[in-house]
Amino acid sequence: MSTFIKQFRKELWSPYIAGIFLGITGVLAVWLSDSLLGASGAFENLAGIIGNAIAPETFNNMYFNFIMPSEITWGVMLFVGTIIGGFLGALSSGTFKFRVNGDSQWKAIFGPQTWKRWGLAFLGAIILEYGAGIAGGCTSGLAISGGMLLAPAAFIFIGGMFASGILTALIVYRKRY
Amino acid sequence: MTTNMIIAVVLGIMFGFTLNKGGLTRYNKIVNVFRFTDLTVLKYMLTALVVAMIGLYGLRSLGLITFPNVPATYIAGNLIGGLIFGIGMALTGY
């Protein structure tokens, strides 16, 4: 039993073990709620809510009325749970702390300034979310959840994601690639 | 709060927990898969895929579940979206 707890509290599990748990979570989502584990959609729902409060005319279009409804959806609740889950994961391994700029590999490439990290994270997140909006999902909602239903869209998306991800990493890392 | 919403939060907690324990919340793990120096993301993603595929197709053949709407396939959109997504993913590491 103590070995189990020790393994459980490890900071990093084997990715295979963590992957098995994600797979089970994905099955449960379909079984219990008839839904897919989408993360990026929640941001669009939330953006729709905020947008409707600020500029209702602009947000009164087909996308926010029908495709991504401006309301608290299943995905938004999933997103809330994801934050709690990540928090609990860090607590269980005793590594939880507030950081504004923590990754040493990032600092080695882009420099130690915090504003750079935040600025590029913000810009990158806009690009990422825009791409997810066009494709109809992100890594979890389309690649994993679509892939497990053998949706062709998922595998096209994974191909595109890796092609441009590798290219971007090549450009960013250049000789250090 | 419907039961469905509570299920969503619980599943979200499981999802976030495995992401954290798998190391997928770190910049270096995400970007290093594109440099082929650390394949954690692929191991995690593909293990989840295989487990979920077996689970879903097994349960469906037992008649216990029906599949939800499968994400729509529109080749240009999926591909262009994926290409844009990859840039953001490699830059931020999220």
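Bear in mind these aren't lab numbers, they're just calculated from the coordinates by the rules spelled out. Everything numeric here is computed off the predicted structure, so don't read it as measured data. A quick note on method: Cβ atoms are made from the backbone with ideal geometry, for glycine too, and the neighbour counts reach across all protein chains shown.
Values as computed for the structure displayed
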quantity	calculated
Dipole-positive endmost among A:S40, A:I20, A:I67 within segment A:1-98 (Cβ charges, Cα centre)	A:I20
5 Å-binned pair-distance histogram of segment A:67-177 (Cα, whole percent)	2, 9, 12, 16, 19, 19, 15, 6, 1, 0
Once the Cα gyration tensor of segment B:3-93 is diagonalised, semi-axes √(5λ) in Å	27, 19, 15
Net charge of neighbours whose Cβ lies under 14 Å from the Cβ of B:A8, counting Lys and Arg as +1 and Asp and Glu as -1	-2
Fewest-first sequence of A:E129, A:E71 by Cβ atoms within 10 Å of each Cβ	A:E71, A:E129
Nearest 10 degrees, 0 to 90: helix B:40-61 Cα axis against chain B principal axis	20
Segment A:126-177 shape via C-alpha gyration tensor axes, a/c threshold 1.5	prolate
Kyte-Doolittle mean at least 0.5 and Cα axial length at least 30 Å: DSSP H helices in chain A	A:114-135, A:152-173
Mean separation of Cα contacts under 8 Å, 6 or more apart, over the residue count of segment A:33-177: relative contact order %	27
Estimated translational D of segment A:4-134 in µm²/s (Stokes, Kirkwood radius over Cα pairs; 37 °C; 0.692 mPa s)	185
Value of relative contact order over chain B, rounded to a whole percent, pairs C-alpha under 8 Å and six or more apart	36
Shielding score for A:51-64, defined as the mean number of other chain Cβ atoms within 10 Å	0
Cβ neighbours within 10 Å from other chains - mean over A:122-130	5
With Cα atoms, 0 to 90° folded angle of helix B:75-92 axis to chain B main axis	60
Fewest-first sequence of A:F59, A:F66, A:F110 by Cβ atoms within 10 Å of each Cβ	A:F66, A:F110, A:F59
Protection-proxy order for peptides A:151-158, A:16-23, B:64-71, each taking the mean of Cβ atoms within 10 Å per residue, highest first	A:151-158, A:16-23, B:64-71
Gaussian network model of chain A, springs between alpha carbon atoms under 10 Å - residue of A:S70, A:S145, A:S164 with greatest fluctuation	A:S164
Intensity falloff of the protein assembly as shown expressed as log10 I(q)/I(0), Debye formula with alpha-carbon point scatterers, at q = 0.07, 0.11, 0.13, 0.15 Å⁻¹	-0.25, -0.62, -0.89, -1.20
Set of lysines near B:K21 by C-alpha distance (under 17 Å), chain-local residues within fewer than 8 positions excluded	A:K6, A:K10, A:K97, B:K29, B:K43
